[in-house]
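Undergrad: The structure follows.
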Amino acid sequence: MQLKCRVCLFAFAAIVGAVSVTAQTPPNVIPALSTGNNGAGLNGIAATTSELLFTQPFCVVPSPPVPPQTQPPQTQQRGIYKEDLTTGTSTLLFSIPETGECAENYLAISPGLGGFTAGDTFATGDSTTSSLKNAVYKNGSTLFIDALSLSKNHVGITFDASGTFGFNMILSPQGGAVGADSTGAPKFAYPVDPNFILEGSTVAPLTYPSCPGCLFATAVQADNVNALPGGVGAIFFVTPGTPSATAMTFYSATPGPEPEGIVFIGNNNLSCTLAGARGAAYSYFVSGFDTGTEFFNTNFATTGAVLAYTPAQIAPFVGQFLVPDETGKIAAFSGPGASTVFSDTGFQLEGSTALQCPSGGCPATFGYWKHHTFPSSMFAGGLTSIGCMNYDAATLLAILNKNNGGGNAVTILGHQLIAAIANYDGGGNQTPEATAAIGSAIALLCANNINMSTAFVQSSTALGQQMTALAAILDTYNSSGSSCGEGSGLTAARATPQTNTIASLVRRPALTRVSVASQY
């Protein structure tokens with residue numbers, strides 16, 4: 001959401017209102033009322049297996065109202081709210097600094113990786129020191145990063161939970177994706193096409209077969225920030241190992257003009273829930289900013305709500321990713337240019353999130369996977385991408401059967417990496433150490449353009465030593481199933497309905513690294 005052109009939006013609201021709304025997957029609309037506030041106007045949203053948080057408002061009405069405004073003196077107090085899905089009420093958890101400017105406060109909860117403390121909340125918002133820039137606030141009002149460039153009113157925020165981008169915080173100011181470590185120091189920046197403005201970003205899970213661990217971001221056309229009808233948005237991506245300052249690669253147009261973010265749906269999103277009223281349970285959530293007569297007609301929303309979806313509702317979309325558009329529809333993508341309408345909500349949409357559920361299967365060694373079928377979710381259209389190279393099941397099996405004689409570090413790593421990815425796809429227990437090693441291995445293979453079927457790297461070389469060190473970590477993980485019954489609890493995961501691989505879109509990263517200049 002950007003600051004709105006009032007005349008344009010009145011016209012757009014009339015056009016949208018003329019369209020019949022048929023909800024393919026209807027949302028469960030849950031109020032988010034709170035004491036002392038006038039209604040709700042949700043922006044950012046984030047969840048863990050124990051809580052659902054959101055931010056509000058976009059704009060606080062000045063007091064007294066400035067004509068022709070007729071809204072009450074204040075919509076809601078700016079802050080992070082904790083939602084009670086059983087009662088449809090919320091409680092202010094943390095206040096976020098109020099500057100008097102309209103601003104979207106996007107929200108992320110730390111998963112506890114990369115030196116960040118698990119459970120800490122991070123929200124973007126207006127800087128109190130620079131009226132033209134945004135900041136990142138920790139647990140409400142503690143300044144974490146100040147004066148982000150190209151960030152007026154809007155910065156998306158997420159965490160890399162796959163390890164392919166260093167477990168860093170990832171921010172989405174207008175000009176591109178920026179990484180920051182647990183001290184707030186910049187780590188990388190990927191500029192976006194200047195014809196677009198970034199909205200939200202996420203790192204694909206390691207189990208996403210088309211581009212595991214890739215960084216994806218949604219964007220709106222720079223000349224259409226008001227989401228006018230007829231426009232389309234875009235999705236861009238970055239492969240692991242891509243040097244900082246490399247431009248993001250175009251992935252796909254979106255059916256709506258203002259795609260707000262991306263959530264990947266996997267089997268691990270289905271096995272845990274947050275409880276709602278009357279026995280309901282939900283695992284995917286979208287923030288509804290406004291609806292009804294307010295829909296796309298105000299910056300001072302009071303009709304917002306939490307839009308919640310059950311595991312059964314999102315289960316048919318496992319292997320795809322969901323993209324809410326500000327104009328009210330959520331698209332399900334199975335590949336570049338291949339999308340369907342998941343839900344037509346009737347709300348102006350902003351943030352989205354899904355629960356990340358723990359897995360419980362026992363990992364298995366690469367010897368086990370020589371004699372057992374790979375989980376079907378490893379493949380899209382018969383192929384899986386590992387380290388920016390595509391492989392089919394037969395090729396992976398051939399790599400597992402290769403002798404690592406001669407000290408080929410590629411084969412040594414390939415054995416353990418393929419097994420670890422199969423364990424993750426099969427629902428095996430996931431550990432921070434294994435996740436970090438898988439992410440690092442994928443990034444290393446991408447950065448060096450290595451094909452596990454044909455490449456040879458002597459294990460005594462610097463690169464070979466990096467590979468064998470990662471292989472040793474993954475070997476420890478893959479062998480850990482001996483204490484709980486190797487392979488027990490692993491399942492042949494749901495087949496993914498994807499029809500396109502990303503191989504033709506991948507821009508191979510240069511082999512030489514570039515230093516990271518100051519990105520803030």
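The values are calculated or read from the model by the stated rules, or taken from the named source; none is laboratory data. If you're wondering where the values come from, they're calculated on a predicted model, not measured in any experiment. No Cβ is skipped: glycine too gets one built from the backbone with ideal geometry, and neighbour counts run over all protein chains shown.
Undergrad: When you go through (1) over 19 Å from the mean Cα position of the chain (by Cα); (2) within 15 Å of residue 346 (Cα to Cα) one by one for residue 306, which number turns out not to apply?
TA: In the conditions (1) over 19 Å from the mean Cα position of the chain (by Cα); (2) within 15 Å of residue 346 (Cα to Cα), residue 306 misses (1) alone.
Undergrad: Also, I was wondering about something else. Failed condition for residue 82, given (1) surrounded by 19 or more Cβ atoms within 10 Å (Cβ to Cβ); (2) outside any loop (DSSP other than H, G, I, E, B), with all others met?
TA: Among (1) surrounded by 19 or more Cβ atoms within 10 Å (Cβ to Cβ); (2) outside any loop (DSSP other than H, G, I, E, B), residue 82 violates only (1).
Undergrad: Please enumerate the residues belonging to region 14-55 that are modelled with pLDDT under 95 and either touching a Phe, Trp or Tyr at 6+ places or on another chain (Cβ under 6 Å) or under 10 Å from residue 306 (Cβ atoms) (or both).
TA: Result: 25, single match.
Undergrad: Continuing with this model, one more query. Test residue 426 against the criterion of being more than 28 Å from residue 160 (Cα to Cα), touching a helix residue (DSSP H, G or I) at 6+ places or on another chain (Cβ under 9 Å) and either β-branched (Val, Ile, Thr) or modelled with pLDDT under 95 (or both), and give yes or no.
TA: Here the answer is no, as residue 426 does not meet what is asked.
Undergrad: Residue 453 is checked against (1) modelled with pLDDT of 95 or more; (2) closer than 21 Å to residue 210 by Cβ; (3) assigned to a helix (DSSP H, G or I) and fails just one. What number does that condition carry?
TA: With (1) modelled with pLDDT of 95 or more; (2) closer than 21 Å to residue 210 by Cβ; (3) assigned to a helix (DSSP H, G or I) applied to residue 453, the lone miss is (3).
Undergrad: Separate question: Can you tell me which of (1) more than 26 Å from residue 389 (Cβ to Cβ); (2) out of contact with any strand residue (DSSP E or B) (no Cβ under 7 Å at 6 or more places or on another chain) is the one residue 206 doesn't meet?
TA: (1)
Undergrad: Something else about it: What single numbered condition from (1) among the small types (Gly, Ala, Ser); (2) in contact (Cβ under 8 Å) with a residue 60 or more places away in the chain; (3) crowded, with 23+ Cβ neighbours inside 10 Å fails to hold for residue 219?
TA: (2)
Undergrad: So residue 305 clears everything in (1) modelled with pLDDT of 95 or more; (2) farther than 25 Å from residue 32 by Cβ; (3) of a type in the set (Gly, Ala, Ser) except one condition, right? Which one?
TA: Failed condition: (2).
Undergrad: Looking only at region 303-325, count how many residues are of a type outside the set (Gly, Ala, Ser) and under 18 Å from residue 85 (Cα atoms).
TA: Counting residues in region 303-325 that are of a type outside the set (Gly, Ala, Ser) and under 18 Å from residue 85 (Cα atoms) gives 7.
Undergrad: If the Cβ limit is 8 Å and pairs must be 6+ apart or interchain, which residue in region 184-198 that is within 12 Å of residue 215 (Cβ to Cβ) and modelled with pLDDT of 95 or more pairs with which residue that is buried (at least 23 other Cβ atoms within 10 Å of the Cβ) and of a type in the set (Asp, Glu)?
TA: none
Undergrad: Give region 348-393 a look and list any residue that's free of Cβ contacts under 8 Å to residues at least 60 places away in the same chain and under 20 Å from residue 321 (Cα atoms), or say none.
TA: 382
Undergrad: Which one of the conditions (1) buried (at least 18 other Cβ atoms within 10 Å of the Cβ); (2) in a helix (DSSP H, G or I); (3) at pLDDT below 90; (4) under 27 Å from the mean Cα position of the chain (by Cα) does residue 493 fail to meet, given that it meets all the rest?
TA: Among (1) buried (at least 18 other Cβ atoms within 10 Å of the Cβ); (2) in a helix (DSSP H, G or I); (3) at pLDDT below 90; (4) under 27 Å from the mean Cα position of the chain (by Cα), residue 493 violates only (2).
Undergrad: Do we find that residue 306 is in a strand (DSSP E or B) and either buried (at least 24 other Cβ atoms within 10 Å of the Cβ) or of a type in the set (D, E, K, R) (or both) in this structure?
TA: Judged against the criteria, residue 306 is a match.
Undergrad: For region 138-184, which positions are at negative phi, surrounded by fewer than 18 Cβ atoms within 10 Å (Cβ to Cβ) and not in a loop (DSSP other than H, G, I, E, B)?
TA: Residues satisfying the conditions are 142, 143, 146.
Undergrad: Any idea how many residues of region 104-137 are assigned to a loop (DSSP other than H, G, I, E, B) and modelled with pLDDT of 90 or more?
TA: Counting residues in region 104-137 that are assigned to a loop (DSSP other than H, G, I, E, B) and modelled with pLDDT of 90 or more gives 17.
Undergrad: Looking at residue 258, is it within 30 Å of residue 190 (Cβ to Cβ), among the acidic types (Asp, Glu), out of contact with any helix residue (DSSP H, G or I) (no Cβ under 7 Å at 6 or more places or on another chain) and assigned by TED's automatic domain parsing to the domain that holds residue 163?
TA: It is true that residue 258 is within 30 Å of residue 190 (Cβ to Cβ), among the acidic types (Asp, Glu), out of contact with any helix residue (DSSP H, G or I) (no Cβ under 7 Å at 6 or more places or on another chain) and assigned by TED's automatic domain parsing to the domain that holds residue 163.
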